[in-house]
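Structure first, then comments.
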Amino acid sequence: MKVDLLIAEAAIELIPPELWREPDVVAYCAKRRKEARWTLLDSSYHHRAMTKLEDERKRGRPDIVHFTLLEALGSPLNLAGLLRVHVHTRDGWWIRVNPSTRLPRVYERFKGLIEHLYRHERLTSEDGTVLLEMERVGLKELLGRLGPGRRVLLHESGSDMDESMVGRLGVAGSLTLVVGGFPHGDFSSHVFEMVDERVRVSDYRLDAWVAVSRALCLFERTALRP
């Protein structure tokens, strides 16, 4: 059984034009010697300016995607060739991640990588291998491209996820596991409408990377069992 992991409504975006002249943004971009239009929004540095944005509590957290990708790409399931990883950002970009990609561990370097990706829409290795690629795609179309298999949402309101459930889900063939890539609030209503069921890996609301790690462990016990 192969698994597609989709980090949905990811809190990654470039600084929106309405914030380009905000003092915090101007100072931050001057320090990094970058134009605001090619700089990632980051609540750690831009939180005062972000109070002017709609839905600001769900925005400006590239670190969530960074940690989650490190967990997923370093998992035994991915190393065994049984995982594909995707990011769908809140502003409508689909980022396809090559399973062999080795992301920088340092967060600031990761941000620079994603800023480069926004600018060029593709990141390749020295030998020409595409490591990261992005394109404008709606979430519904993205899920359609991933195939007709089961779509499962990691959510605290779901049924308990255990090995027997993983075995049942695996019967469907392809499986897309959706996790939120935002810090606060809940999924938009249309996301709930696009999935087949909800599952949970804990009684507590977990950080995305923790939930993904626990979920992938369950898949590994089933898929990699001798």
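Among 2/31; 2/111; 2/34; 34/140; 2/52, which pairs are too far apart, with a Cα-Cα distance over 32 Å?
2/31; 2/34; 34/140; 2/52
Simple spin-label model, 7 Å along Cα-to-Cβ: residue 124 to residue 196 in nm?
3.7 nm
Between 60, 180, 167, find the one with the highest GNM mean-square fluctuation for the chain; connect C-alpha pairs within less than 10 Å.
Its mean-square fluctuation being the largest, the pick is 167.
For helix 107-120, what angle does its Cα long axis make with the longest principal axis of the chain, in degrees from 0 to 90 and rounded to 10?
That helix lies at roughly 80 degrees to the long axis.
For the chain, which span is the longest to avoid every loop-located (per DSSP) member of trypsin sites (Lys or Arg not before Pro) having at most 11 other Cβ atoms inside 10 Å?
Working: sites that count: 21, 33, 52, 102, 105, 205.
Within the chain, the longest run free of exposed trypsin sites (Lys or Arg not before Pro) spans 106-204.
Could you give the angle, 0 to 90 degrees to the nearest 10, between helix 208-223's Cα long axis and the longest principal axis of the Cα atoms of the chain?
30 degrees
Given charges of +1 on the Cβ of Lys and Arg and -1 on the Cβ of Asp and Glu, with all other atoms neutral, how large is the dipole of the range 3-59 about its Cα centre, in debye to the nearest 20? Before the final figure, lay out each step's value.
Numbers: 11 positive and 11 negative charges, 82 e Å.
In total the dipole reaches around 400 debye.
Could you line up 123, 224 from fewest to most neighbouring Cβ atoms inside 10 Å? Each step should come with its number before you reach the end.
Values: 123 18, 224 12.
So the ranking, lowest neighbour count to highest, is 224, 123.
Over the Cα atoms of the range 17-56, Rg to Rh with Kirkwood Rh, two decimal places?
On the way: Rg = 9.3 Å, Rh = 10.1 Å.
Checking Rg against Rh, the ratio lands at 0.92.
Which residue, 89, 101, 176, tops the fluctuation ranking in a GNM of the chain built on C-alpha contacts under 10 Å?
Top of the fluctuation ranking is 101.
So for the range 54-118, what percent of the C-alpha to C-alpha distances run longer than 17 Å? Please report the intermediate quantities before stating the final value.
Details: 900 of 2080 pairs.
Cα-Cα pairs in the range 54-118 separated by more than 17 Å: 43 percent.
Between residue 91 and residue 141, how many nm apart are label points set 7 Å from Cα along the C-beta direction?
Once both label points are built, they end up 1.8 nm from each other.
Using helices alone, I'd like the mean residue ellipticity at 222 nm for the chain: each DSSP H run of four-plus residues gives -39500 (n - 2.57), total over residue count, nearest 500.
Working: 9 runs with 86 residues, N = 226.
Calculated from helices alone, the mean residue ellipticity at 222 nm is -11000 deg cm²/dmol.
Helix 62-73 versus the longest principal axis of the chain: what angle, 0 to 90°, nearest 10, using Cα atoms?
30 degrees
As a test of the definition: which semi-axes, in Å, follow for the chain when you take the square root of five times each eigenvalue of its alpha carbon gyration tensor? Largest first, please.
Numbers: eigenvalues 191, 78, 45 Å².
Semi-axes (√(5λ), whole Å): 31, 20, 15.
Counting Lys and Arg as +1 and Asp and Glu as -1, each charge on the Cβ, what is the dipole of the range 1-100 about the Cα centre in debye, to the nearest 20?
Working: 16 positive and 14 negative charges, 54 e Å.
Around 260 debye, computed over the range 1-100.
Every number here is computed from the coordinates shown, using simple stated rules; none is lab data. Please read these numbers as outputs of a predicted model, since none were measured by experiment. FYI the Cβ positions are ideal-geometry reconstructions off the backbone, even for glycines, and counts take in every protein chain you see.
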